[in-house]
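Structure first, commentary second.
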Ligand code: KIV
Ligand code: NA
């Protein structure tokens with residue numbers, strides 16, 4: 001695939017090729033992630049946590065998401081760029097949801113939007129899709145509802161919630177979503193859902209039986225030491241690497257080792 005489209009992802013699922021997805025929030029990171037060969041870049045509202053330092057994803061605004069997304073779009077050549085609609089920009093009514101999605105597409109140049117929820121936001125998803133904007137769904141542990149859940153623990157362990165999840169996944173497929181994220185649910189349930197729908201299911205903490213995986217880039221690069229859920233694999237310890245590089249710089253400045261003869265004019 002020279003350039004990834006929503007169609008490529010559906011194709012990949014049909015051919016059994018797994019889909020790789022990571023978040024990015026700025027130009028430089030997007031450029032690195034894109035050149036490394038990622039299929040999908042998600043401009044996640046997790047920017048609220050990792051970029052702005054908020055406790056939850058709720059405070060980030062549509063304007064702030066558009067700023068992050070436009071930076072990412074300028075850094076991505078091959079990957080599909082999906083942008084989260086932030087909390088408060090789509091829940092109150094379908095017209096507002098469409099207005100928000102249109103702003104993201106026009107002002108950031110992103111290729112698709114992602115919304116959290118199933119049946120509750122059915123009319124909004126329909127309206128956005130009718131405008132020609134591709135929609136990715138997001139079910140399971142949906143962080144914008146953290147105050148309803150009260151905890152970041154695994155969702156849909158009980159039958160009632162699992163059945164609703166299956167119904168919502170089938171609804172999202174029927175509405176015309178091109179893909180769907182399942183976050184922090186039992187692996188068996190996620191696999192069952194992935195096998196029962198034709199659109200690709202991207203998992204985070206949802207096991208290996210789905211069609212692709214997504215992680216927050218800061219987490220997988222080990223930029224923070226505190227957040228260690230079971231589903232996270234750290235591919236680097238950038239926190240240690242960066243800390244030691246920076247403290248070395250501090251020492252070199254203090255000792256007048258930097259700059260040396262060759263590092264000046
Ligand atoms: O905002 C985000 O980073 C996400 C992914 C973790 C799916 O929604
Ligand atoms: Na998100």
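Let me spell it out: the conditions are (1) part of a loop (DSSP other than H, G, I, E, B); (2) within 21 Å of residue 44 (Cα to Cα), and residue 218 meets all of them except one. Which number is the exception?
In the conditions (1) part of a loop (DSSP other than H, G, I, E, B); (2) within 21 Å of residue 44 (Cα to Cα), residue 218 misses (1) alone.
Yes/no matrix, rows are residues, columns are (1) under 23 Å from residue 8 (Cβ atoms); (2) within 16 Å of ligand 2 (Cβ to nearest atom); (3) over 20 Å from the mean Cα position of the chain (by Cα):
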| position | (1), (2), (3) |
| --- | --- |
| 92 | no, no, yes |
| 96 | no, no, yes |
| 103 | no, no, no |
| 140 | no, yes, no |
| 158 | no, no, yes |
| 165 | no, no, no |
| 172 | yes, yes, no |
| 175 | yes, no, yes |
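Would it be correct to say that residue 64 is part of a helix (DSSP H, G or I) and assigned by TED's automatic domain parsing to the domain that holds residue 181? Walk me through how you get there before you give the answer.
Values: part of a helix (DSSP H, G or I): yes; assigned by TED's automatic domain parsing to the domain that holds residue 181: yes.
Taking the combined requirement at face value, the residue satisfies it.
Report, by residue number, each residue of region 13-38 that is within 21 Å of residue 195 (Cα to Cα), crowded, with 20+ Cβ neighbours inside 10 Å and away from ligand 2 (no atom under 13 Å from the Cβ). Spell out the reasoning first.
First, the residues of region 13-38 that are within 21 Å of residue 195 (Cα to Cα): 13-21.
Add one more test, that the residue is crowded, with 20+ Cβ neighbours inside 10 Å, and what stays is 13, 19, 21.
Across region 13-38, the qualifying residues are 13, 19.
Would you call residue 161 without any contact (Cβ under 8 Å) to a residue 24 or more places away in the chain and in a helix (DSSP H, G or I)?
Answer is yes for this residue.
If only one of 206, 169, 190, 194 is assigned by TED's automatic domain parsing to the domain that holds residue 23, part of a loop (DSSP other than H, G, I, E, B) and in contact with a strand residue (DSSP E or B) (Cβ under 9 Å, 6 or more places away or on another chain), which one is it? Don't jump to the end; show me each part of the working.
Numbers: 169 fails: part of a loop (DSSP other than H, G, I, E, B); 190 fails: part of a loop (DSSP other than H, G, I, E, B); 194 fails: part of a loop (DSSP other than H, G, I, E, B).
Just a single option satisfies the conditions, and that option is 206.
Report every pair of residues separated by at least 6 positions or lying on different chains whose Cβ atoms are under 6 Å apart, first residue within region 46-65 and within 13 Å of residue 90 (Cβ to Cβ) and more than 10 Å from ligand 1 (Cβ to nearest atom), second modelled with pLDDT of 95 or more and part of a helix (DSSP H, G or I).
Pairs found: 62/100.
Please tell me if residue 129 is in contact with a strand residue (DSSP E or B) (Cβ under 8 Å, 6 or more places away or on another chain) and either away from ligand 1 (no atom under 16 Å from the Cβ) or in a helix (DSSP H, G or I) (or both). Break it down into steps so the answer makes sense when it comes.
Details: in contact with a strand residue (DSSP E or B) (Cβ under 8 Å, 6 or more places away or on another chain): yes; either away from ligand 1 (no atom under 16 Å from the Cβ) or in a helix (DSSP H, G or I) (or both): yes.
Yes: the conditions hold for residue 129.
What are the residue pairs meeting all of these: first residue in region 235-247, first residue assigned by TED's automatic domain parsing to the domain that holds residue 214, second residue surrounded by fewer than 10 Cβ atoms within 10 Å (Cβ to Cβ), Cβ atoms under 9 Å, and 6 or more apart or on different chains?
No pair meets every condition.
Under the condition of being farther than 20 Å from residue 103 by Cβ and outside any loop (DSSP other than H, G, I, E, B), which residue from region 31-45 is farthest from ligand 1 (Cβ to nearest atom)? Can you show your working first?
First pass over region 31-45, keeping only residues farther than 20 Å from residue 103 by Cβ: 31-40.
Among the residues that remain, those that are also outside any loop (DSSP other than H, G, I, E, B) are: 31-35, 40.
Details: 31: 19, 32: 17, 33: 13, 34: 17, 35: 21, 40: 10 Å.
The residue in question is 35.
Keeping to region 49-67, report how many residues are out of contact with any strand residue (DSSP E or B) (no Cβ under 9 Å at 6 or more places or on another chain) and either away from ligand 2 (no atom under 14 Å from the Cβ) or closer than 22 Å to residue 102 by Cβ (or both).
Going through region 49-67 one residue at a time, the tally reaches 7.
Please name all residue pairs, on different chains or six or more residues apart, with Cβ atoms under 6 Å, provided the first residue is in region 1-24 and is assigned to a helix (DSSP H, G or I) and the second residue is within 16 Å of ligand 2 (Cβ to nearest atom).
That search, which allows pairs on different chains as well, returns 9/179.
Pairs, please: C-beta under 6 Å, at least 6 apart or cross-chain, first residue assigned by TED's automatic domain parsing to the domain that holds residue 35 and over 19 Å from residue 122 (Cβ atoms) and in region 80-93, second away from ligand 2 (no atom under 12 Å from the Cβ) and in a loop (DSSP other than H, G, I, E, B)?
Matching pairs, first to second residue: 80/4; 80/111; 81/110; 81/111; 83/110.
The values are calculated or read from the model by the stated rules, or taken from the named source; none is laboratory data. Bear in mind the structure is a predicted one, so any value in this text is a computation, not a measurement. Every residue, glycine as well, gets a Cβ built from its backbone with ideal geometry; the counts of neighbours run over all protein chains shown.
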